[in-house]
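Chemist: Here's a structure for you.
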Amino acid sequence: MAVWCLLACLLQGCAATDPAPHWQVRGVQRIGHSAGQDAATYFELGKFHQARGQLALAADAYAASIALEPQQLAARNAQAVLDARQGRLEQAAKALLALVHDYPEAAQPRNNLGYVYYLQGELALAAGMLEQAVARAGGAALARNNLQLVHAGQAAALAQTTAAATVPVSAASAVAPEQAAPVEIINGNGIRGMAAQVRLRVQARGMAVSRLANLPGFRQARSQILYAPGNARQADALRLALAQRGEAMQLVPVAGLARGAGIRVVLGHDQA
């Protein structure tokens, strides 16, 4: 009975899609009652659950839609995006690559695959796939925004490589008052893939990331940036770079950090 209540709500237009800033998932504009549209109904039900954070139910609905129409684009694409947003990047990339093959003129699987490559650190692959999405109808705006992220990451990587190759020996051996310190990123909220995503944002600012790790128990409530002496300005710049829509991360000076790190970012549940 609960499922049919949800479907009735969908038919009345009460559900909204979940507009992620990087992913592209298109909805079905209308649901009818013919047997040939059952797959579309389950797709809409999946979006309904996903918008409410009921990810297991969303995955089940997408799977039901795919079982009824295995070669479709909509639910397969939505399931791949759901996998990626939960940190299952390899699984998402494999599914999206199959969609790119099956739908050579579609923009959205190319945009989504390009962004998955970006999250995996495969910037050249990401750029190529997003450029293909930009060239196709219906995906230019979102793919262009994602392509800017990729180009920023490529520029930061190139600048870092160039700087390392051109630093004179005397300058490299000198001790500056505040050199760029390696950054550790600790996942304290348990969301898979979040530390890897933050690593890309840190690297895009020209900072090296020395280690990713998990905080046992994942009970960090508020995100923090811990910094050892001599790294205050870099820590503050990192705080501004990582600021979300809400409150910026808390800066915490410490006497020292293990493993030679100068800065440690601990991701809390406020980043979820």
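Chemist: For A237, indicate whether it is modelled with pLDDT of 85 or more, in contact with a Pro (Cβ under 8 Å, 6 or more places away or on another chain) and farther than 13 Å from L267 by Cβ.
Modeler: So A237 does not fit the description; no.
Chemist: While we're here: Cβ-Cβ below 9 Å, separation at least six or inter-chain, first residue in region 207-220 and at positive phi and open to solvent by 70 Å² or more (accessible area, probe 1.4 Å), second part of a strand (DSSP E or B) and not acidic (D, E): which pairs?
Modeler: Short answer, once both residue conditions are applied: F218/N187.
Chemist: Further, regarding this structure: Please specify each residue of region 77-115 satisfying the condition of being open to solvent by less than 10 Å² (accessible area, probe 1.4 Å) and among the aliphatic types (A, V, I, L, M).
Modeler: A78, A80, V81, L82, A84, A92, L96, L99, A107, L113
Chemist: Still on this structure: Inside region 60-96, can you point out the residues that are charged (D, E, K, R) and in a loop (DSSP other than H, G, I, E, B)?
Modeler: E69, R88
Chemist: Look through region 116-148, keep the residues that are in a helix (DSSP H, G or I) and either in contact with a strand residue (DSSP E or B) (Cβ under 6 Å, 6 or more places away or on another chain) or more than 21 Å from A106 (Cβ to Cβ) (or both), and return whichever of them is most open to solvent (accessible area, probe 1.4 Å).
Modeler: Among them, the one singled out is Q148.
Chemist: When region 221-263 is examined, which residues are found to be part of a loop (DSSP other than H, G, I, E, B), open to solvent by less than 70 Å² (accessible area, probe 1.4 Å) and without any contact (Cβ under 8 Å) to a residue 60 or more places away in the chain?
Modeler: S223, A228, G230, N231, L242, A243, G246, A248, M249, V254, G256
Chemist: Of the conditions (1) assigned to a helix (DSSP H, G or I); (2) open to solvent by 50 Å² or more (accessible area, probe 1.4 Å); (3) at pLDDT below 90, G153 satisfies every one except a single condition; which number is it?
Modeler: For G153, the exception is condition (2).
Chemist: Scan region 191-204 and tell me whether some residue there is assigned to a loop (DSSP other than H, G, I, E, B), under 25 Å from L82 (Cα atoms) and not charged (D, E, K, R).
Modeler: Yes - at least one qualifying residue is present in region 191-204.
Chemist: Would you please list the contacts, defined by Cβ atoms under 9 Å and residues six or more apart or on different chains, that run from a residue in region 83-99 that is within 24 Å of G190 (Cα to Cα) and among the hydroxyl-bearing types (S, T, Y) to a residue that is open to solvent by less than 90 Å² (accessible area, probe 1.4 Å) and part of a helix (DSSP H, G or I)?
Modeler: From region 83-99, no pairs qualify.
The values are calculated or read from the model by the stated rules, or taken from the named source; none is laboratory data. These figures come from a predicted structure and were not determined experimentally. Here the Cβ is made from the backbone with ideal geometry for all residues, glycine too, and neighbour counts use every protein chain on show. Surface areas here come from the heavy atoms of the whole protein model, side chains and all, with no ligands, DNA or RNA. Shrake-Rupley method; radii C 1.70, N 1.55, O 1.52, S 1.80 Å.
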